[in-house]
Amino acid sequence: MKLVSGKDMLVKARAEGYAVGAFSAHNIETVQAILAASVEERAPVMIQIGQRVIKHAGMKAMVKLIETLGEGVEAEAAIHLDHGNSFEQAVQAIQLQFQSVMYDGSHHPLEKNIEITKRVVEAAHAVGISVEGELGRIAGTEDDLTVSEEEAFLTNVEDAVRFVGETGVDYLAVAVGTAHGFYRGVPKIHFDRLDDIQLACSLPLVLHGGSGVPDHLIREAIPLGIAKINVDTELRHAFTLAAQKVWEKNPKEYHLATVHGESREAVKKKVIEKIRLFGSNGKAKGHSNLTSNKS
Ligand code: 13P
């Protein structure tokens, strides 16, 4: 596996008009599925380590798992910390040599978000690691927001310009109407706001809550500066649905390799579908040295 700087990956994506899929990893099979999809599609991918799996398995265990499974595999990837919840956690990821770290200070007032994000940027950039910041509030679909509440949570353009300028982040997660989890109806993406942000800030933008967003809305968002799209729920859904199908057929199937093998295939299929939708297929830079893991 060739590990690539998050910034390099996303600057190229924005310049060439496609988005890199940032896929959440949860276990051996999800990592294998993302790597296999990257190889088959010759697509750069981000492998995200999120807060739930950090609690469940540990950050270090997940990084080592990805590095080990990536050995000798012709994938192009960046290991990414999703929704880093403190300066200390971001530093832990930096020490583990992630290629990309998100610090999510969006719940703080702007000043405090800027202050902590800036410290994360200084620490990460000192060792060549890229940083994602977040501004505005990306809700969960379970939050059930009213339209006016949703409007209030959108990323403010002036704040974004100031945040990017003062923190030095490499890419910015924006709140433009998407939410984490499956949607009850069709999500409304505020393309006008997204356009205003991309015109004011020239860095790659990140769309969270990629699961369940109709394909045509994704296609519309990418030319407006979206260079990274996070996908988690749809992968977990594919994984568990495949396992359920195995057990429906044979409730006495106790071999996890059989059950999780089906799940792995289902996740890989879903990742490939997203890679093609995002236009990142065929966009890996190509590499000859498979033994050099660190970029
Ligand atoms: P989904 O679970 O909606 O795909 O969102 C993933 C995400 O944005 C992780 O940060």
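Readers should treat all values here as calculations from the given coordinates under stated rules, not as data from a laboratory. Fair warning: this is a prediction, and the values are worked out from it, not measured in the lab. For neighbour counting, all protein chains shown are included, and Cβ atoms are generated from backbone atoms with ideal geometry for every residue, glycine included.
Relative to its residue count, segment 72-213 spans a Cα convex hull of 129 Å³ per residue. A straight line joining the Cα centroids of segment 16-89 and segment 105-140 runs 20 Å.
Only Cα pairs under 8 Å and 6+ residues apart enter the sum, and on that basis the relative contact order of the chain stands at 26 percent.
Set the Förster distance to 22 Å, then compute FRET efficiency between LYS112 and LYS55 from the Cβ-Cβ distance, nearest 0.05.
Details: r = 24 Å, r/R0 = 1.09.
With R0 = 22 Å, the Cβ-Cβ based efficiency is 0.35.
Listed by chain and number, the lysines placed with their C-alpha closer than 19 angstrom to that of LYS283 are LYS2, LYS7, LYS12, LYS228, LYS268, LYS269, LYS270, LYS274; residues fewer than eight positions away on the same chain are left out.
Remark: spin-label model distance GLU40-TRP247 equals 2.5 nm, labels positioned 7 Å along the Cα→Cβ axis. Taken along its principal axes, the alpha carbon cloud of segment 165-231 reaches lengths of 37, 19, 14 Å, longest axis first.
Considering the chain at the alpha-carbon level, its Rg and Dmax are found to be 18.3, 59 Å. At full extension, GLU149 and GLU273 could sit 41.4 nm farther apart than now, given 0.36 nm per residue minus the alpha carbon distance.
Derived from the Cα gyration tensor, the three semi-axes of the equivalent ellipsoid of segment 1-139 are 24, 17, 14 Å, largest first. The long axis of helix 59-70 is offset from the longest Cα principal axis of the chain by roughly 60 degrees. The convex hull defined by the C-alpha atoms of segment 130-256 has an orientation-averaged projected area of 9.9 nm². The angle between the Cα long axis of helix 157-167 and the longest principal axis of the Cα atoms of the chain comes to about 80 degrees, rounded to the nearest 10.
For the chain, the longest principal axis of the C-alpha atoms and the axis of helix 233-249 are separated by about 20°. Note on ALA15 and ASP192: the model spin-label points, each 7 Å out from Cα along the C-beta direction, lie 3.3 nm apart.
Counting each DSSP H run of 4 or more residues in the chain as -39500 (n - 2.57), what helix-only mean residue ellipticity at 222 nm follows after dividing by all residues, to the nearest 500 deg cm²/dmol? If you can, show how the numbers build up before the last one.
Numbers: 12 runs with 145 residues, N = 295.
Rounded to the nearest 500, it is -15500 deg cm²/dmol.
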